[in-house]
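Notes for the one structure printed next.
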Amino acid sequence: MEEIRVSPDYNWFRSTVPLKRIIVDDDDSKVWSLYDAGPKTIRCPIIFLPPVSGTAEVFFQQILALTGWGYRVISLQYPVYWDLLEFCDGFKKLLDHLQLDKVHLFGASLGGFLAQKFAEVTHKSPRVHSLILCNSFSDTSIFNQTWTANSFWLMPAFMLKKIVLGNFAKGPVDPKMAGAIDFMVDRLESLNQSELASRLTLNCQNSYVEPHKIRDVAVTIMDVFDQSALSNEAKEEMYKLYPNARRAHLKTGGNFPYLCRSAEVNLYIQIHLRQYHGTRYAAINPAMVSAEELEVQRRKEKLGISQIMYLNFY
């Protein structure tokens, strides 16, 4: 099995897409790390937010594919924040620094929860145009750790890593999923104690999403049918919370489908973003969109057709 970190695609990504570091807070220790690829003229890009164990690099296959199709893609690694409102304030400052008024957000697990909370907190002056929530959740109580959330900062790094690894898939998996797990373990090892402790705190402190505040945000829920850290009950809660959301299901993919099932995930992302082609919220270079497709989009808008049927991958 070829390891992801020595694969040609990953090496090409590392050699062609520079990692940027940006400070937007008064605290110089809070550094946002990000990859910003694709046409900078796009003012409503898609931004990726990683899970607890992830860094900005975990979405490298989405960056390579989507920028190849003409999209602007930003993948983030957030600094140490201990409070959800503090995170949202920092993220808003980052968007201001990047001169981005509204964005599309793809969030995986914790990243999806943070994306929902950011959309909720900024609902009076919206900064989020749409959401793709991958293996994500809307209520931190599902982890049954709210009572320990305030003690993570005291724990040594090895204990925190053990907590995170406990949610990784166990037992036999196919080679691509095994490779994804190995890559995520490697990314987990790169995080220091405060990074891990703060992420687990955000993941587990008592909080939930208020859906009525983001009812105008288009949502796609992406999840898998095989083993993941997300329970069936948590998935059903997401469906109830967003009854009008589009659903993108993958038969397999585990916790990290964006790594081991990247072709299917990238296709679903493309379908989600296609509805904005030809509008001011397009994340793609207009030159990459055919005149025929733009005409179809205009007709749909006139007819009020917003729903797109999804095919499940089996």
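The values are calculated or read from the model by the stated rules, or taken from the named source; none is laboratory data. Model, not experiment: these values are computed from the prediction. Reconstructed Cβ throughout: ideal geometry from the backbone, glycine too, with neighbour counts over all protein chains shown. With ligands, DNA and RNA removed, areas are computed over all heavy atoms of the protein, side chains included. Shrake-Rupley method; radii C 1.70, N 1.55, O 1.52, S 1.80 Å.
When DSSP beta bridges are restricted to pairs lying wholly in the chain, around 30% turn out antiparallel. Residue by residue, the stretch 39-45 carries 3J(HN,Hα) couplings of x, 6, 6, 6, 9, 9, x Hz when phi is fed to the Karplus relation 6.51 cos²θ - 1.76 cosθ + 1.60 (θ = phi - 60°); x denotes Gly or Pro. Close amide H pairs (under 5 Å, H built 1.01 Å from N) link VAL128 with VAL103, residues at least 5 positions away or on another chain. Could you look at the chain and say what percent of its accessible area is carbon and sulfur, using a 1.4 Å probe and all protein chains? Reported share for carbon and sulfur atoms: 53 percent. Once the Cβ-Cβ distance of SER151 and THR279 is raised to the sixth power relative to R0 = 35 Å, the FRET efficiency obtained is 0.15.
The helix-based estimate of mean residue ellipticity at 222 nm for the chain, built from -39,500 (n - 2.57) per DSSP H run of four or more residues and divided by its residue count, is -11500 deg cm²/dmol to the nearest 500. Report the charge-dipole magnitude of the chain in Debye, nearest 20, computed about the Cα centre from +1 at each Lys and Arg Cβ and -1 at each Asp and Glu Cβ. Once rounded to the nearest 20, the dipole reads 740 debye.
In the stretch 104-199, what GluC sites (Glu not before Pro) fall in a loop by DSSP, with at most 10 other Cβ atoms inside 10 Å? Nothing satisfies the criteria. Accessible surface computed residue by residue for the chain, with neighbouring protein chains in place and a 1.4 Å probe, gives 46 Å² per residue. For the stretch 108-150 versus the stretch 261-285, the inter-centroid distance based on Cα atoms is 21 Å.
Of the residues TYR71, GLY278, VAL103, the one whose Cα sits farthest toward the positive end of the charge dipole of the chain, with +1 on the Cβ of Lys and Arg and -1 on the Cβ of Asp and Glu, is GLY278. Using the Cβ-Cβ distance between ASN192 and ASP26 with R0 set to 22 Å, the FRET efficiency from 1/(1 + (r/R0)^6) comes to roughly 0.55. Sorting the segments 76-84, 3-11, 255-263, 283-291 by their mean number of nearby beta carbons within 10 angstrom, highest to lowest, gives 255-263, 76-84, 283-291, 3-11.
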